[in-house]
Structures are given as C-alpha cells and as structure tokens.
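Report on the structure given below.
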Amino acid sequence: MKIKPNARIAIVGSVNSSKQTLLKLHQYQCSVVRVLGLDPQYSAKVSGFQDLKLLGDQLGYPSTYFKNINDPEIYELLEKDKIDLLFVIGLSQMVREPLINLAEIGNVGYHPTVLPHGRGRGALAWIILEKAPAGVTFFRMDEGMDSGPILGQQEIELSSDDDVSTLLEKILEAIDQVLDEILPAINAGNLRLQEQDHNAATYLGVRKPSDGLINWNLEAHEIHRLVRASCSPLPGAFTYYQGQQITIHKAELRPEYTGIPGRLIAFNSIGLPIITAAKGAISLLKVETVASNTFKIGNECSNTIND
C-alpha cells in the first residue's frame, strides 16, 4: 500500500511496549507530531506503567497527558495535528469513534501474540499458561478485536523457566526487530499489509487478579506455571496462610517432596517455606507477605481467607 512518505505520526500508550515503540520512532527520525501519555494519577491499575508524556518531552516532541483517550479535547488536538498514522501501543482503553477514523492512513496496533492466534485480553498470562503463542504483531486496526491486516510479525521462543517478566524482556527485543522492518518502509511511503487468516483465529478471555488464587490440589508443575503467569508486573499468584494473603512472584519446583496439599513441609535456603501440592512441591523464592518467622512446618495454606 503506497502512502505519502514521512507520514505525520502520533503515538498513545502507557507501558513498556509504548516506550519501546516511541524510542524506535525517534531512532528512525519518523515525523512524530504528538505523544499522548496516560496521566500518572490514573495509572494505579496499569501493570508496568510508563510515563510516555515525560519521555516525549525528553525527546523533544509535543506531548500531552490524557485520562480518557476518547475525550473530545484529544480528538480536537490530533485533528489540529493533521495526523496520518496513530500508533496505539500498550493501551487498555478502546479507541472509539470518531477518533478511530481520524488518522488519514489509519491506526497501528500491537499485540504480544502471533496473530490471528490469541486475540483478546490478558495475553501475557495466557502465553505462559500455554494457551497462546508468544510473539509480536503490529497491525492496522479495524473494527474487530486484533483482527486487522498485519504490518510485521515475529514469533518468540520460550523456555519452561520463562515467566511474565522474562517474556516482557523478549517482547521488547522482538518489538525492536519488527520495527526495524516496518519504520523504514513507512518513512519511504510503503505500508506493507497482509490480511489475517480469520478462520484460524483464536480468542483469549480477560483475566482478573482473583485468577491468581492457588489451588494446592493441583500438581506442583501446574501451580508453578500459574506463579510464572501471574508474577510482577502482574498482581501475582496468591494463597492464604493464617488468615493473611501471601502473594508469590517467584518459586521453583521441588519434585522430591510429597505431602498433604497446601502444607508447609520444610524451609529452603533463604528461609521461605516449601509447600506440597497434589504431586511434588514448590519452594517460595519471592513473596509479599507477613514476616517469614511466622511460617511454621505443619501449618497449611488455604484457598480462602477464613480457613
């Protein structure tokens, strides 16, 4: 698809992928005419928040905070900027009419799976839970959910030890590589698009913090996978112990232990408990909880605060 060279670009976002994309736009000297960053006072529920306006200011671009990307004043601002392309990267808000139709060429979205597989929300956790393929896809947004034609894509190979944190590191590397292909083409006035195979599409449902609750009647490898899928910057997997919530961000498998599911069976070398599951056990390595000296061998974790 031929477009005019050096398209006028605006970018909106609020997380690491947004930051990485803006840095690449700057590296390739793209014509960035506006940076829109979520106001930090509304960022409490944004995992891995990044202040995009602050970065835009540092890079010398006209930059603005927003609360709701669909507010009329944001539309009016971008209309005055006469944007050709709007990069919507790492934003939990849906871009709606009339803003979605403002940019002359269209809107560029990003998704951390190999589209059309894994459309939808909560992709990072679902990837670690082995329900979607890890990757980076930039696409031209349409009226559907992550369904527009693809500008560039790269699959990411994961190991059994990867968690959300290491997945994010690999995603940022892949974003760099995909944008190395896309941005020179945009500057040259050539937008390469490939339609998705909609018949092959799969969809991911939204996840909530409560989905991180550990069921100790599962096998240890399943619990370990949940911990890896829920760790920082996500809210974390959790259990209850002595009426208090323990949030677990890192653990390791200890298959040599057998015991009653949820029971503290031993301590590891850093003084945190090893807890048995239906098969095997997990050793806690990074937690948010009460003081470690309250843990006692023989006590049990539970699925509810009152057990």
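Just so you know, all these numbers are worked out from the coordinates, no wet-lab data involved. Predicted, not measured: the structure shown is a model, and the values here were computed from it. Cβ: placed from backbone, ideal geometry, glycine included. Neighbour counts: every protein chain shown.
Side notes on the structure shown:
- FRET efficiency for the E252 to N101 pair, using the beta carbon distance and R₀ = 30 Å, is estimated at 0.05.
- 28 Å Cα-Cα threshold exceeded, pairs from K53/K170; K131/K279; K208/K286; K80/K208; K53/K250; K2/K80: K80/K208; K53/K250
- Farthest positive-ward along region 39-166 dipole, Cα basis, beta-carbon charges - from F139, S63, L91: L91
- Residues in region 214-241 reached by a label modelled at A278 [backbone nitrogen below 15 Å; 7 Å Cα→Cβ]: 214-226
- Relative to the current alpha-carbon distance between K82 and K208, full extension at 0.36 nm per residue lengthens the span by 41.5 nm.
- Helix 72-81 axis, angle to the chain major axis (alpha carbon atoms, nearest 10°): 50 degrees
- Of the residues S159, S283, S232, the one with the fewest other Cβ atoms within 10 Å heads the list, and the complete ranking is S159, S232, S283.
- A protection proxy built from the mean count of other Cβ atoms within 10 Å ranks the segments 60-70, 114-124, most packed first, as 114-124, 60-70.
- Correct option for Kirkwood radius over Cα pairs in Å [calculated from the coordinates] among (i) 21.0; (ii) 19.8; (iii) 21.8: (i)
- Within the chain: Cβ-based charge dipole about Cα centre, in debye rounded to nearest 20 (Lys, Arg +1; Asp, Glu -1): 320 debye
- Summed residue charge, Cβ within 11 Å of G148's Cβ, Lys/Arg positive, Asp/Glu negative: -2
- For region 209-302, convex hull of alpha carbons as volume per residue, Å³: 81 Å³
- On Cα atoms only, tilt of 164-187 relative to the major axis of the chain in degrees: 10 degrees
- At R0 = 22 Å, FRET efficiency that the Cβ-Cβ distance of L218 and E157 yields, to 0.05: 0.25
- Theoretical ellipticity at 222 nm over the chain - DSSP helices of four or more residues, -39500 (n - 2.57) apiece, nearest 500: -7000 deg cm²/dmol
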